[in-house]
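Each remark here refers to the structure printed beneath this line.
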Amino acid sequence: MQVNSSNVTYENGFIQASYSYKSSNVEKLENGTLKVTPKTTEYTFKTNTKIPKLGIMLVGWGGNNGTTFTAGLLANKMKLSWFTKRGEQTANYYGSITQASTIKVGCSGSEEVYLPMNQVLPLVNPDDVVISGWDISALNLSQAMKRAQVLEYNLIEKLDPYMRDMVPKKAIYYEDFIAANQKTRADNILEGHNKLEHLETIRKDIREFKATNNCDKVIVLWTANTERFCQLTPGVHDTAENVLKAIENSEAEISASTVYAVATILEGCSYINGSPQNTLVPGVIELAKQKDVFIVGDDFKSGQTKIKTSLVDFLVSAGIKPQSIVSYNHLGNNDGKNLSSEKQFKSKELSKKSCVDDITGSNKILYPETNKIDHEIVIKYVPYTGDSKKAMDEYLSEIFLGGQHTLVLYNVCEDSLLAAPIILDLILITELFERIEYKVDGMRTFQRFNRVLSTLGYLCKAPLTDENTPLVNSLYRQKNALDNIFKACAGLHADDNLLLEFKCPVTEE
Ligand SMILES: NC(=O)c1ccc[n+]([C@@H]2O[C@H](COP(=O)([O-])OP(=O)(O)OC[C@H]3O[C@@H](n4cnc5c(N)ncnc54)[C@H](O)[C@@H]3O)[C@@H](O)[C@H]2O)c1
Ligand SMILES: O=P([O-])([O-])O[C@@H]1[C@@H](O)[C@H](O)[C@@H](O)[C@H](O)[C@@H]1O
């Protein structure tokens with residue numbers, strides 16, 4: 001796409017775009033009146049268009065998501081097709097916004113024109129990435145893919161030769177943080193209890209993988225089991241210095257995921273947390289800022305929560321008052337097995353339960369006293385169902401003249417087929433943000449986005465958000481923000497959907 005504007009230049013491998021950012025300051029006056037002052041801030045975005053060779057390292061590579069993600073990269077790269085009872089299937093990236101969604105760029109006459117997201121700004125081609133990772137299970141990726149029971153056998157057969165030589169590196173295993181039922185899987189772990197040694201091993205793994213594959217950069221993503229929350233402790237988790245010291249002292253409350261995150265950050269790589277646990281404790285956030293590294297989290301937004309943050313947004317913005325939400329699901333994969341343990345379930349429950357508060361909190365007409373509603377999460381482990389999650393959601397709302405509205409959803413699918421495309425998007429969009437800088441009038445130098453990359457909230461159930469930054473769960477607002485950041489960096493206006501050129505056409509006087 002070539003943007004025809006005096007505000008955009010394409011020089012020296014950069015897209016440099018000016019963007020007039022419109023916002024409003026609100027003052028609440030003593031008499032209760034709101035004084036709203038619109039304002040415009042002139043930004044300049046600079047995007048490096050040089051596409052790097054990207055290395056991806058997954059923690060939990062041998063899991064259902066890790067194997068399905070890897071299989072998807074290979075199947076698409078080789079343009080595989082395979083047979084199922086529904087006939088011939090071909091590889092695709094459905095469920096990935098970078099590969100299968102579009103962004104409106106303008107109108108041609110009365111035709112609204114949409115471009116694939118990955119053509120609005122230059123992204124890494126998934127075909128060109130190299131992948132590795134760690135797992136507490138020693139199975140190679142082909143064996144692990146079969147164990148996962150996600151993909152059709154005909155596809156598994158075709159992928160086997162390409163995945164059997166992919167072997168996860170030895171992993172950090174602190175059994176107290178994941179369900180005891182995972183112990184039988186743990187035959188590929190780093191010896192000993194010295195957390196500093198574990199940290200240095202992970203750092204070495206990252207360096208060696210990067211050098212061996214001649215990568216320009218590496219991004220690490222956690223798709224291992226959900227850990228219990230660590231007990232945030234002053235002097236341990238509160239500062240970067242204390243987290244590093246706690247690792248040196250092999251502090252018990254430092255989780256495996258936090259050691260992976262610290263190792264990643266110390267190697268100058270972005271770290272993404274696809275699970276709900278509080279890996280990114282305040283000290284890790286401070287370390288990421290000190291080391292100028294992006295951190296993203298938490299917990300892939302893939303199924304019930306994705307629908308919920310769209311549905312509740314629709315209900316509340318329609319003036320309908322959700323009063324009760326019950327989200328139930330059962331599944332039989334290893335994630336479900338791990339979540340059958342109370343402490344690990346609590347991590348997931350917290351993540352799934354926290355996703356509507358900002359939406360209900362936005363409407364004081366419906367929720368004048370409190371924005372808290374009945375919201376229950378139930379997850380049951382039923383081995384026979386495997387990765388095919390059966391999810392049932394019930395939404396009860398108050399409507400006009402004391403009426404009640406009941407909405408029930410039933411959705412079934414392989415959970416990993418929802419998560420794998422999201423893993424790709426998290427990685428590719430994080431990598432893009434590593435190539436973007438901004439400047440506001442008056443700033444001497446270009447800066448990078450806030451290292452807590454909450455712009456990727458659309459992809460996370462519980463978006464990690466920096467202090468003094470609004471938390472947004474509304475799916476529409478998250479996607480709109482992401483699309484508009486892409487457009488701003490490309491030199492286009494944000495879309496307000498007014499279509500004034502058609503509704504208020506310029507007429508000859
Ligand atoms: N739709 C989804 O699948 C979905 C959605 C949101 C979040 N998640 C989260 O993603 C994570 C992975 O899901 P999954 O279905 O792939 O689970 P999984 O159990 O199949 O895979 C997790 C893998 O991590 C490995 N592992 C556990 N602890 C490890 C450690 N310390 N180091 C390295 N490897 C370790 C396990 O051996 C396993 O292979 C879970 O935390 C899950 O809650 C999944
Ligand atoms: O994404 P979502 O459907 O809201 O939540 C899902 C849970 O319902 C499921 O039980 C769990 O296994 C997945 O990891 C995922 O977190």
Mind giving me the nanometre distance, one decimal, between the label points for Asp165 and Tyr21, set 7 Å out from Cα along Cα→Cβ? 4.8 nm
Relative contact order of region 292-405: what whole-number percent is it, with Cα pairs under 8 angstrom and at least 6 residues apart? 41 percent
Estimated FRET transfer efficiency when R0 is 35 angstrom, pair Asn92-Glu175 (beta carbons, to 0.05): 0.35
How much of Leu500 can a 1.4 Å solvent probe reach, expressed as accessible area in Å² and rounded to 10? 80 Å²
Kindly point out which whole DSSP H helices in the chain project their C-alpha atoms 18 angstrom or further along the helix axis while averaging a Kyte-Doolittle hydropathy of 1.0 or above. 415-433
Between Glu11 and Gln231, what is the label-to-label distance in nm when each label sits 7 Å out along the Cα-to-Cβ direction? 5.9 nm
Between the modelled labels at Met392 and Thr469 (7 Å from Cα along Cα→Cβ) the distance in nm is 3.9 nm
With the dipole of region 24-105 worked out from charges on the C-beta (+1 for Lys and Arg, -1 for Asp and Glu) around the Cα centre, which of Phe83, Leu73, Gly32 lies farthest toward the positive end? Phe83
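For region 168-311, which whole-number percentage of the solvent-accessible area (1.4 Å probe, protein heavy atoms only) is attributable to carbon and sulfur atoms?
C and S fraction of accessible area: 49 percent.
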How would you order 132-144, 186-198 from highest to lowest mean count of nearby Cβ atoms within 10 Å? 132-144, 186-198
Residues of region 146-165 with the amide nitrogen closer than 15 Å to a label point 7 Å from the Cα of Lys85, along Cα-to-Cβ, please. 152-154
Would you please report the Å³ per residue occupied by the convex hull of the alpha carbon atoms in region 181-296? 106 Å³
So if I restrict to the alpha-carbon atoms in region 423-509, what is the Rg, and what is Dmax, the biggest pairwise distance, in Å? 16.5, 55
Bin all alpha-carbon pair distances of region 166-212 at 10 Å intervals from 0 and give each bin's fraction as a whole percent. 23, 48, 25, 3
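Grab the other residues whose beta carbon is less than 10 angstrom from that of Phe449, score K and R as +1, D and E as -1, and report the net.
Combined, the nearby Lys, Arg, Asp and Glu give 0.
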Skipping prolines and chain starts, which residues have an amide H placed within reach, meaning under 5 Å, of the one on Tyr174, given they are 5 or more residues away or on another chain? Ala256
In terms of modelled amide H atoms, which long-range or inter-chain residues lie less than 5 Å from the amide H of Ala138? Asp187, Asn188
Rank by packing, highest mean first: peptides 297-306, 439-448, 333-342, 316-325, with packing defined as the count of other Cβ atoms within 10 Å averaged across residues. 297-306, 333-342, 316-325, 439-448
Count the net charge of all other residues whose Cβ sits under 14 Å from the Cβ of Asn242, scoring Lys and Arg as +1 and Asp and Glu as -1. -4
Contour minus Cα-Cα distance for Lys104 and Ala252 (0.36 nm per residue): 48.3 nm
Using C-alpha positions alone, give me the convex hull volume of the chain per residue in cubic angstrom. 199 Å³
With a cut-off of 13 Å, note down the residues of region 123-140 whose backbone N falls inside the zone around a label point 7 Å from the Cα of Lys53 toward its beta carbon. 128-131
Viscosity 1.002 mPa s, 20 °C: Kirkwood-radius Stokes-Einstein D of region 324-429 over Cα pairs, µm²/s: 136 µm²/s
Residues of region 330-365 with backbone N under 19 Å of the label point set 7 Å from the Cα of Tyr384 along Cα→Cβ are 330-334, 336-337
Ellipticity estimate at 222 nm from DSSP helix runs (n ≥ 4, -39,500 (n - 2.57)) divided over the chain, nearest 500: -9500 deg cm²/dmol
Computed curve, region 26-160, Cα-only Debye sum without solvent term, log₁₀ I(q)/I(0) at 0.11, 0.17, 0.19 Å⁻¹, is -0.63, -1.03, -1.18
Surface per residue (accessible, 1.4 Å probe) for the chain, Å²: 47 Å²
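The values are calculated or read from the model by the stated rules, or taken from the named source; none is laboratory data. Since we're looking at a predicted model, the values are computed, not measured. All Cβ positions, even for glycine, are placed from backbone atoms using ideal geometry, and neighbour counts span all protein chains on display. SASA here: full protein model, heavy atoms, side chains in, ligands and nucleic acids out. Shrake-Rupley method; radii C 1.70, N 1.55, O 1.52, S 1.80 Å.
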